[in-house]
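*Asks:* First, the structure itself, so that you have it in front of you.
The values are calculated or read from the model by the stated rules, or taken from the named source; none is laboratory data. What you are looking at is a predicted structure, and each value in this text was computed from that prediction instead of being measured. As a convention, Cβ positions derive from the backbone with ideal geometry for all residues, glycine included, and neighbour counts pool all protein chains shown.
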Amino acid sequence: MRITVTHDYPCDRDTLLTHFLEADAVKAKYQALDAAKIRVQASKRDGDQHQIATRREVASQVPGALKSLLGDRNTIEQEELWILSDDGPDRCELNISLPGVPIRVQGSMRLSDRPDGCRNEVELTLSCSLPFVGGKLERFVAGDSQRLIEAERQYLLDATAGQ
């Protein structure tokens, strides 16, 4: 299953990028999105590359059929590798896992300049190898991912307003 979204922001690319790369800004973003037990496990810059790994717990409205696989609160581990460019766009490859849940989420982000700000293009691919409930799990995680992506977009719009 694939999710593709495009978000435009009224700030420059570097301003938006701080909310993905700087540990304090990442923690503040996830706290504002009601995540708990937030940890930036690694954040390392090497030339034009920046790696960041986070772990957080989020609440979910899990349907009864999936309660044996997911709880009301689930841990998300996210690893991002950013390739930064002075001229843009900045690119990110990401891997997301939910420990103990048999689903794989891989994706990318592309931050580019626009005349009136910047654009973030997000693409996620979800897959589950479980028979019978795998499709249901993919659909639920995709829907929950879209909810979280939209909440993050709104936070970033508010956080970057006027910058």
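*Asks:* Which numbered condition in (1) farther than 23 Å from ASP158 by Cα; (2) of a type in the set (D, E, K, R); (3) in contact with a Ser or Thr (Cβ under 8 Å, 6 or more places away or on another chain) is the only one that ASP46 fails?
*Replies:* The one condition ASP46 does not meet is (3).
*Asks:* Step by step: first the residues of region 77-104, then only those that are modelled with pLDDT of 95 or more and in contact with a helix residue (DSSP H, G or I) (Cβ under 9 Å, 6 or more places away or on another chain), then the one that is nearest to PHE140 (Cα to Cα). Which residue is that?
*Replies:* Looking at residues that are modelled with pLDDT of 95 or more and in contact with a helix residue (DSSP H, G or I) (Cβ under 9 Å, 6 or more places away or on another chain), I get ILE96.
*Asks:* Evaluate region 143-157: report whether one residue or more is of a type outside the set (Asp, Glu), in a loop (DSSP other than H, G, I, E, B) and loosely packed, with under 14 Cβ neighbours inside 10 Å.
*Replies:* Taking every residue of region 143-157 in turn, none turns out to be of a type outside the set (Asp, Glu), in a loop (DSSP other than H, G, I, E, B) and loosely packed, with under 14 Cβ neighbours inside 10 Å.
*Asks:* So, in region 25-54, exactly how many residues are of a type in the set (D, E, K, R), surrounded by fewer than 16 Cβ atoms within 10 Å (Cβ to Cβ) and either more than 16 Å from the chain's Cα centre (by Cα) or under 21 Å from ARG91 (Cα atoms) (or both)?
*Replies:* 5
*Asks:* Looking at region 84-105, which of the residues that are part of a strand (DSSP E or B) and not basic (Lys, Arg) is farthest from the chain's Cα centre (by Cα)?
*Replies:* ASP90
*Asks:* Have a look at ARG73, ARG39 and point out the one that is among the charged types (D, E, K, R), at pLDDT 95 or above and closer than 22 Å to ASP144 by Cβ.
*Replies:* Only one candidate passes the filter, namely ARG39.
*Asks:* Within the group GLN78, GLN61, which residue is among the polar types (S, T, N, Q) and surrounded by fewer than 14 Cβ atoms within 10 Å (Cβ to Cβ)?
*Replies:* After ruling out the rest, the residue left standing is GLN61.
*Asks:* If you don't mind, there's one more thing I want to ask. Would you confirm, using the coordinates I've provided, whether ARG110 is surrounded by fewer than 18 Cβ atoms within 10 Å (Cβ to Cβ) and under 15 Å from the mean Cα position of the chain (by Cα)?
*Replies:* Yes, satisfied.
*Asks:* Right, another one. Could you list, in sequence order, the residues of region 106-140 that are touching a helix residue (DSSP H, G or I) at 6+ places or on another chain (Cβ under 9 Å) and in a helix (DSSP H, G or I)?
*Replies:* LYS136, LEU137, PHE140
*Asks:* Going by what's in this entry, would ILE103 be described as surrounded by 15 or more Cβ atoms within 10 Å (Cβ to Cβ), among the β-branched types (Val, Ile, Thr) and either touching a residue at least 24 places away in the same chain (Cβ under 8 Å) or out of contact with any Lys or Arg (no Cβ under 8 Å at 6 or more places or on another chain) (or both)?
*Replies:* Judged against the criteria, ILE103 is a match.
*Asks:* Kindly indicate whether ALA25 is touching a helix residue (DSSP H, G or I) at 6+ places or on another chain (Cβ under 8 Å), hydrophobic (A, V, I, L, M, F, W, C) and at pLDDT 95 or above.
*Replies:* So ALA25 passes the test.
*Asks:* For residues in region 48-83 being assigned to a helix (DSSP H, G or I) and among the hydrophobic types (A, V, I, L, M, F, W, C), which is nearest to LEU130 (Cα to Cα)?
*Replies:* Here the residue is LEU66.
*Asks:* Taking region 1-47, which residues are closer than 24 Å to LEU126 by Cβ and part of a helix (DSSP H, G or I)?
*Replies:* HIS19, PHE20, VAL26, LYS29, TYR30
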